[in-house]
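J.: Pasting a structure below so you can have a look.
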Amino acid sequence: MPSSGTRVVELRVHGIMGTRAESLVGAAAAVDVAGDGAGRIVRPADRLMRPGPGPVLQADGRFVPRTVEGYVWGGMTSGGAAKSAWALMFPFTLANVAHWTLPPIPENNRAADLLGLAARSLLRLGALLLTVLFVTQVAVVSLDLLAAQCLAPGSGCMPFVPDWLRRASGFRPAVGLLPVLAVVLALHHISAVTWRVNAPPMPSPVPGNRPQKMPGASLVADPDTPTLRSLHTIAALSALALPPVGSPVGTVQMVVLVFAAVGVLLLDDPTGASPDRAGRWLRLVVGRIPCRILVIASAGLVLWSAFAQDPLPTKLPGTNATVEGIAAALIVVCVLFGIVVVPAALLARKAFWADDPRELRPWAGGWMSPVVLATAALLGGGFGAGVAVTVRKAVGNEGMDLPRGYEPVTLLWGVSFVLTTVIGLILGAVTAAYRWRAAHTGKAPPEVDLLHESADDYGHAVAARAWRRGRFQRHHLHHLLLGAGAVLCGGAGVSIWMRLRDLGAPDWLKPFSTVGVFALGLLAANLVRVVYQAVRKPDTARTLGILADLACFWPREAHPIVPPCYALKVIPELAARAAEHLTDRDTRVVVTGHSHGSLIAAIAVSRLMETLPPGDRERVGLVTAGSPLQWAYPRAFPGVVPHGSLAELHGLLDGRWRALCRGTDPLGGGVTTWRRQVVASKLIGVGFRPDGTSGPLAAATLTSSGALVLGGDHWLPDPALQPTPGLRWSPGVRRHGDYLADPEWDLAVAQAAGLVL
């Protein structure tokens, strides 16, 4: 039971799209009380900018002191030219995310272990080829289009460059090669950026704790990332130096490229942890010093191969073979990867989710990784072709040659653009018809009838319409993603078949190729515009911010050239701050997370559950609001936050996990309950139980604020029923925002703190 000196520390974490410190702590002003600037711990402040406590918490008729703190991490993913440039690496980021969407591996299953090893190795190889393809496409623009063709003596392209300068020794190779080398150097440098953790190392799990698989247990830094980064740099330089067929330099660089490919395949060798096994020799060969030597040697060969051909020919004969060879290898790897993941997903299904309800099973049956990798490859090829087409048009010379493989790419994107437009129109019409029919039949979700029983007809209709829209978006978002991937992959298959048969586009497909050129040019132009806006006006570039917030959460694993992972900094610092408050025996800590922040909060609390003694664990609670912890994260990333791990965390918290939900929220639905239905005017369903199991729950109860509480889920009426004294009023449908303004928030915090049953 709480003593008279009990106080509550509410530690808040915001979600994606950034949040001002003042909004996070619900005050007119906020001031930092800890942190290093990148990760900020803030509190409400008075007029003199002195930190103060938050509003008192009412629990069972008495008032309990509450201190409100917020962890602000948005500065790690938005603002500045360097962070904005990560948008150019979006295909790399997708390849890295593909690793985290892999199906989990059952224990004591040799076949699953081998399939998992093969899948991870192929994924790393595909990521390497994606880097090589990117650098090669930059070379197509810089070295081939501009230096070899546009700046050739006598060319009418870029007439402001004098002919004597075009004939000057070393000018054209330098113009073509130095920008590409700068890109490779920049990739190597920025991929080494990491966030410094401003917290002591997490203690080891407390002896005697039962074995458990907690959410986010696999979110750790890979010690092989520096080696993987060096191998990507070596492979990129090797591809740059591939000269015309038959050159001895090309043979040497091809050997180095194969060495890098074999290295990334073998890096996941499980025997590497044993000093007497083969992995020790692998890490010795691809160690820090050998990789540095290879990087320097590869850079020297690149310079020699370009300047040895001075003057450059007007068309580099090796460009087409290099681009098509790399693209073909990437296609083969994607196909093999997809084949390997099929049995791996079937084994995972049998071990983990065969008995789960359909709405809780992973998307695409655990086969999302190949879709994500294929999308990354197609985006990478599309970005390169789009930039090349745009540059050729910008310099005003449509007669310059592009690699032959770019023609199928333009056709692919043209067909995909048209199909996406047509399918979008059809889906829009179907959705509109569905909504119209639902609105005119008068059938509302059963929860609406209970939450808005006293509302007038108009208010009830508004709530019902918003509930249907939110439920539709949550249920079908992954179908949209899979459909887009299927359209791209289907178009890619046709393009590949046409290229293998050396078939040109028939006359009736010519317009699609033109549309593809337009789409790729528009894609490249918009990408540059988004990055420019993010640099000039960071507060307005929220689309880029959303992508960065989601992508930067995942540690570097399959691809090293991705944004630094903020989760490896935020989660330890958040857990350390909570543990610091818990040293006061009268303090109870409730970690709260909104939207994506709920995932951060859940993982931080799971780390506390592993490392705290039982007496301290009872003083920890969790509140999630607008959380996608049921419908999105466990289904997209079944190996990171599997459904079973959430059930176990719920059991360890023993009823101190409360989830605020709105049926109108398109991003956050139910968290601890599912299969809800209304029977005899009572809301019932299945969900997590306090003992860590799942099963039928007692009927929902109605709170004083009008919310329905079923298990750990608090279903809030939206629009709100009436203003609450002392709280800000938010009229209309609130959907994903303003959870702090709901009167149910304080009740959930009090229950998570163990002050209210």
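J.: What accessible surface, in Å², does a 1.4 Å probe find on Leu480, ignoring ligands, DNA and RNA and rounding to the nearest 10?
T.: Its heavy atoms expose roughly 110 Å² to the probe.
J.: Please give the solvent-accessible surface of Arg292 in Å², to the nearest 10, using a probe radius of 1.4 Å with every protein chain present.
T.: 140 Å²
J.: Within a Cβ distance under 13 Å of Asp457, other residues only, what is the Lys/Arg minus Asp/Glu net charge?
T.: Values: positive: Arg465; negative: Asp449, Glu453, Asp456.
Counting the neighbours of Asp457, the net charge comes to -2.
J.: Quick check: pseudo-label points 7 Å beyond the Cα along Cα→Cβ at Asp449 and Glu359, how many nm apart are they?
T.: That separation, rounded to one decimal, is 1.7 nm.
J.: Just add up the charged neighbours of Gly365: K/R +1, D/E -1, any other residue whose Cβ is under 15 Å from the Cβ of Gly365. Kindly include the intermediate steps, with their values, before the conclusion.
T.: Values: positive: Arg349, Lys350, Arg358, Arg361, Arg635; negative: Asp355, Asp356, Glu359.
Combined, the nearby Lys, Arg, Asp and Glu give +2.
J.: Right, something else. Using a Förster radius of 51 Å, what is the FRET efficiency between Ala741 and Ile339 based on their Cβ-Cβ separation? Nearest 0.05, please. Don't skip to the end; give the middle numbers.
T.: Working: r = 51 Å, r/R0 = 1.00.
Computed FRET efficiency for Ala741 and Ile339 comes out at 0.50.
J.: Could you compute the FRET efficiency for Lys350 and Asp113, with r as their C-beta to C-beta distance and R0 at 25 Å, rounded to 0.05?
T.: Values: r = 15 Å, r/R0 = 0.60.
Efficiency for this residue pair is about 0.95.
J.: Let me ask another. Under 15 Å between alpha carbons, and skipping anything fewer than 8 positions from Lys213 in its own chain: which aspartates and glutamates qualify?
T.: In chain and number order, the partners are Glu107, Glu610, Glu648.
J.: Please say if the stretch 82-146 is rounded, prolate or oblate, where rounded means a/c under 1.5 for a ≥ b ≥ c the square roots of the C-alpha gyration tensor eigenvalues, and otherwise the choice is prolate for a/b larger than b/c and oblate otherwise? Working shown, then result.
T.: Numbers: a/c = 6.34, a/b = 2.31, b/c = 2.74.
Oblate.
J.: At a Cα cut-off below 19 Å, give the aspartates and glutamates reachable from Lys393, other chains included and same-chain residues fewer than 8 away excluded.
T.: Output for Lys393: Asp144, Asp401, Glu407.
J.: Suppose R0 equals 30 Å. What FRET efficiency, 1/(1 + (r/R0)^6) with r the Cβ-Cβ distance, do Met202 and His479 give to the nearest 0.05? Numbers along the way, then the final one.
T.: On the way: r = 39 Å, r/R0 = 1.29.
After rounding, the FRET efficiency stands at 0.20.
J.: Given labels modelled 7 Å from the Cα in the Cβ direction, how far is it in nm from Lys213 to Ile426?
T.: 3.9 nm
The values are calculated or read from the model by the stated rules, or taken from the named source; none is laboratory data. Bear in mind the structure is a predicted one, so any value in this text is a computation, not a measurement. Positions of Cβ are backbone-derived with ideal geometry, glycine not excepted, and every protein chain shown enters the neighbour counts. The accessibility values were calculated without ligands, DNA or RNA, using every heavy atom of the protein model including side chains. Shrake-Rupley method; radii C 1.70, N 1.55, O 1.52, S 1.80 Å.
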